[in-house]
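One structure is given below, encoded as structure tokens.
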Amino acid sequence: MRFYQLQRPAPSTPRHWNGSLSAEHAWSLPGVECPTCHETWSGQFALPSVDLSSLSERDLLVEPRVETHAEYARLASHVQPFLPAGLSPEPGMQFGPLRGTARGAFGPLSTRYGWEVLVTQEALRHLQTVGIRGLVPVRAELQGLDAGVVLYELEPPLRGLLHRDDVLTGPRCPTCGWYEVRIAPEPSLDGDALPHDVDIFRPENGTTFTFANERFVEAIEALGPSDVMFREAGVVPESRTGSIH
Ligand SMILES: [Zn+2]
């Protein structure tokens, strides 16, 4: 099985589609100004399927901003019960559907960032029909689309790992969780942790990357061109380092 990283095409690459979005997720935790490590930061991790509309503090999660760590921690404690088991909130974490405006025409698959995956309704139906696994679609709430056009954001599950040789991390701040991370520009996947139950995923140690296997890529390419590049990723056994056979 081959695996591919989803990437935006280079700016100089001619596009098949002219669609553009001005949209953000419905809610987000503020960024944090940390009294311990003195970093001011917010991450990019989005969980569009998490619905915070019943949270009494939801109005405080609309305007992106930076807060003190105390206020951030207070809001994060309210959000925690809504998260999937095993996931902790982090500064800047985004929730709910994309809301905003769209213009132009969209291909079967599109992305503004490496961590965002959008499909048309027709593409979603096709992926579901051919049995693509790991699809968590959330309908984007967009004004300005042509009549009858609907876009869904996919929430790729957290599975698998980037190969550890491609990820350098520093110590984690005990207060806010910040840590320095450097990821190789074209990371490989850890061959001993490949996901076999899903066809699209985000690695647990590289959540701003989206990977798909050849089943997903073949299914989406059958629908015609999209403005998304698929870079084939190396698959390297975790035990490569120092092992002799
Ligand atoms: Zn910190």
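The values are calculated or read from the model by the stated rules, or taken from the named source; none is laboratory data. For clarity, every value in this text was computed on a predicted model and none was experimentally measured. Backbone-built Cβ (ideal geometry, glycine too); neighbour counts: all protein chains shown.
For the reader, a short list of remarks on this structure follows.
Residue by residue, here is whether (1) under 17 Å from the mean Cα position of the chain (by Cα); (2) of a type in the set (F, W, Y); (3) under 20 Å from W41 (Cβ atoms) holds:
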position	(1), (2), (3)
H126	no, no, no
P137	yes, no, no
L162	yes, no, no
G177	no, no, yes
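- Hits in region 63-100 (condition: of a type in the set (S, T, N, Q) and without any contact (Cβ under 8 Å) to a residue 60 or more places away in the chain): T68, S77, Q80
- Strands (runs of 3 or more DSSP E) contained entirely in region 132-233, each with at least 3 residues that are touching a strand residue (DSSP E or B) at 6+ places or on another chain (Cβ under 8 Å) and more than 23 Å from R99 (Cα to Cα): 167-169, 181-183, 211-213, 229-232
- Among the conditions (1) farther than 21 Å from Q80 by Cβ; (2) at pLDDT below 95; (3) not basic (K, R), the only one that S22 does not satisfy is (2).
- Total residues in region 58-73 satisfying the condition of being buried (at least 16 other Cβ atoms within 10 Å of the Cβ) and of a type in the set (D, E): the figure is 1.
- Search result, residues across region 19-57 that are buried (at least 20 other Cβ atoms within 10 Å of the Cβ), within 16 Å of the ligand (Cβ to nearest atom) and β-branched (V, I, T): V32
- Scanning region 74-110 for residues that are hydroxyl-bearing (S, T, Y) and either over 18 Å from the mean Cα position of the chain (by Cα) or surrounded by fewer than 21 Cβ atoms within 10 Å (Cβ to Cβ) (or both) turns up S77, S88, T101.
- Test: A70 is of a type in the set (A, V, I, L, M, F, W, C) and more than 19 Å from the chain's Cα centre (by Cα): yes
- If you go through region 155-183 and keep only what is loosely packed, with under 13 Cβ neighbours inside 10 Å and either more than 16 Å from the ligand (Cβ to nearest atom) or not charged (D, E, K, R) (or both), you end up with L168, T169, G170, P171, P174, Y179, V181, R182.
- Qualifying residue in region 91-111 (condition: more than 29 Å from D227 (Cα to Cα), modelled with pLDDT of 95 or more and within 16 Å of the ligand (Cβ to nearest atom)): yes
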